[in-house]
1. For the range 6-17, what are the residues that are closer than 16 Å to Leu80 by Cβ and open to solvent by 30 Å² or more (accessible area, probe 1.4 Å)?
2. I'm trying to understand the selection: among the residues of the range 18-76, which are free of Cβ contacts under 8 Å to residues at least 24 places away in the same chain and of a type in the set (S, T, N, Q)?
3. Could you name every one of the strands (runs of 3 or more DSSP E) located completely within the range 26-115 that has at least 2 residues being in contact with a strand residue (DSSP E or B) (Cβ under 6 Å, 6 or more places away or on another chain) and open to solvent by less than 50 Å² (accessible area, probe 1.4 Å)?
4. Confirm whether Val113 is aliphatic (A, V, I, L, M) and over 13 Å from the mean Cα position of the chain (by Cα).
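The values are calculated or read from the model by the stated rules, or taken from the named source; none is laboratory data. Not measured: the values here are computed from a predicted model. When we count neighbours, we look across all protein chains shown, and the Cβ atoms used for this are built from the backbone with ideal geometry, even at glycine. The area values use the complete protein model at the heavy-atom level, side chains included, leaving out ligands, DNA and RNA. Shrake-Rupley method; radii C 1.70, N 1.55, O 1.52, S 1.80 Å.
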Amino acid sequence: QVQLVESGGGLVQPGGSLRLSCAADGLTFSTYAMRWYRQAPGKEREFVARINIDGETKYAESVKGRFTISRDNAKNTVSLQMNSLKPEDTAVYYCNALWGNIKYWGQGTQVTVSS
């Protein structure tokens, strides 16, 4: 059974930083593209960042230059370093694993940016 478990969310002031992690189990992690999505209240889930199996990365324009995605295939984890956080970054952040048409989702972790 595949499990993706996010951690690291919380409450942070504007301009602050958080590091999210996603631990994967039950899949061959190194063969999956890993992505982060987020969903704010009343809005649709949106793409945040992606890291392919070769390490290539892509970011949403709204987070480019502030967020960094990375992966550790030895530990089956993907991380999202979030700096210079803004109130509009407030959302539930979800980890996603993709291989062909196969997708897995984590349960999400709440990030709240507020003073």
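1. Quick first cut of the range 6-17, residues closer than 16 Å to Leu80 by Cβ only: 6-10, 12, 16-17.
Those that are closer than 16 Å to Leu80 by Cβ and open to solvent by 30 Å² or more (accessible area, probe 1.4 Å): Ser7, Gly8, Gly9, Ser17.
2. Hits for the range 18-76 are Thr28, Asn52, Thr57, Thr68, Ser70.
3. Details: elements: 33-39, 46-51, 57-59, 67-72, 77-82, 91-99, 102-105, 109-113.
Per the criteria, 33-39, 46-51, 67-72, 77-82, 91-99, 109-113.
4. On the way: aliphatic (A, V, I, L, M): yes; over 13 Å from the mean Cα position of the chain (by Cα): yes.
Yes: the conditions hold for Val113.
Yes/no matrix, rows are residues, columns are (1) of a type outside the set (S, T, N, Q); (2) closer than 20 Å to Ile102 by Cα:
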site: Gly42; (1), (2): yes, no
site: Arg45; (1), (2): yes, yes
site: Glu56; (1), (2): yes, yes
site: Tyr59; (1), (2): yes, no
site: Asn76; (1), (2): no, yes
